[in-house]
Amino acid sequence: MSNTSGALYILSAPSGAGKTSLVKALLAQDDQVCVSVSHTTRTIRAGEQNGVDYNFVSQQDFALLVDQQQMLEYATVFENSYGTSRKWVESSLSQGKDVILEIDWQGRDQVLAIFPQAIAVTILPPSRHALEHRLQGRGTDSDAIIAKRMSEAHSEISHYSGSHFLVINDDFQHALADLQCIFTCRRLKTPQQTHNHHQLLQELLSTGD
C-alpha cells in the first residue's frame, strides 16, 4: 500500500469494556474513520439492516468466500459464521479511509498475520468490579450469562499484550481522547504529512528570487 492510504485498526475488548460506545463517539467526531461491516450466516433479527448491521449471507456463500481467500479473518460461533471481507477493507484503505475492525484477539492475530502493518488496540475496563457492574447495569442478561461473560472477559484480557496500544476506559472522555490520539499520531507521520502538505513544503523549500 502507498503511504497515502488509510490505516487498518483492530479494536479488541471484553464485553462491557465500552468499545462499541467509544467507536460510535469516534465516528461522530472523525470523518476519516469507518467501521467494517462483518459477513455472517446467522438469521437477520428484527430491526437489523442488511449491509448496515451485518452482511447476511448463506453458509454456502460464506464457505465460498473463505475458499477464495476473500476473508481477512473468520470464525464460527454457536454454529454461525462471522468474517471480514478483505476486498472491502482494501478498497476502503485505498480511498484513504481509516478502517476499524471490531474483533476478538483471535481475529486480531489472523489479521496481523496478513496485514502486519495493521494497528491493534485493546480496550480494557478499570477493574473487574467495574466490568461486572457495567454488565449488570445493562439489565438484559441473567446472572448465569453475566458469569459466562466475565469468564470470557478473562480470556480476552489475557491476550492484551498482542496489541500495540492499550486504552483503559475508566473515564469515557479520557478514553475517547486516548483513542483519537492513536489515530491522529499515525496521520502526523512524515510520509502522510508530505502528501497532505506537498504545496506548502515546496513553498517553504523554494529559494525564491
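Of the candidates Asp67, Asp104, the single residue that is acidic (Asp, Glu) and crowded, with 16+ Cβ neighbours inside 10 Å is Asp104. Among the candidates Ile146, Ile168, Ile123, the residue that is in contact with a helix residue (DSSP H, G or I) (Cβ under 6 Å, 6 or more places away or on another chain) and free of Cβ contacts under 8 Å to residues at least 60 places away in the same chain is uniquely Ile146. Against the test of being surrounded by 12 or more Cβ atoms within 10 Å (Cβ to Cβ) and in contact with a Cys (Cβ under 7 Å, 6 or more places away or on another chain), the options Val57, Val99 yield a single qualifying residue, Val99. Scanning region 74-89 for residues that are surrounded by 13 or more Cβ atoms within 10 Å (Cβ to Cβ) and either more than 30 Å from Ile182 (Cα to Cα) or touching a residue at least 40 places away in the same chain (Cβ under 8 Å) (or both) yields Asn80, Ser81, Tyr82, Gly83, Thr84, Ser85, Trp88, Val89. When Gly139 is tested against (1) at pLDDT below 95; (2) closer than 16 Å to Ala153 by Cα, just one condition goes unmet, and that condition is (2).
When residues in region 1-43 are screened for being under 16 Å from the mean Cα position of the chain (by Cα) and of a type in the set (Lys, Arg), 2 of them pass. Under 6 Å between Cβ atoms, at least 6 apart or on separate chains: pull out the pairs that start in region 26-44 with a residue that is farther than 19 Å from Leu93 by Cα and in contact (Cβ under 8 Å) with a residue 40 or more places away in the chain and end on any residue that is among the small types (Gly, Ala, Ser) and surrounded by 19 or more Cβ atoms within 10 Å (Cβ to Cβ). Here the result reads Thr41/Ser81, each pair linking region 26-44 to a residue that is among the small types (Gly, Ala, Ser) and surrounded by 19 or more Cβ atoms within 10 Å (Cβ to Cβ). Here Gln69 passes the criteria (1) closer than 17 Å to Ser38 by Cα; (2) within 16 Å of the chain's Cα centre (by Cα); (3) part of a loop (DSSP other than H, G, I, E, B) except the one numbered (2). Got at least one residue in region 19-28 being at pLDDT below 95, in contact with a strand residue (DSSP E or B) (Cβ under 8 Å, 6 or more places away or on another chain), in a loop (DSSP other than H, G, I, E, B) and within 24 Å of Ile146 (Cα to Cα)? Within region 19-28, none of the residues are at pLDDT below 95, in contact with a strand residue (DSSP E or B) (Cβ under 8 Å, 6 or more places away or on another chain), in a loop (DSSP other than H, G, I, E, B) and within 24 Å of Ile146 (Cα to Cα). Among the residues of region 27-64, those identified as aliphatic (A, V, I, L, M) and in contact with a helix residue (DSSP H, G or I) (Cβ under 9 Å, 6 or more places away or on another chain) are Val33, Val35, Val37, Val57.
The values are calculated or read from the model by the stated rules, or taken from the named source; none is laboratory data. Bear in mind the structure is a predicted one, so any value in this text is a computation, not a measurement. Backbone-built Cβ (ideal geometry, glycine too); neighbour counts: all protein chains shown.
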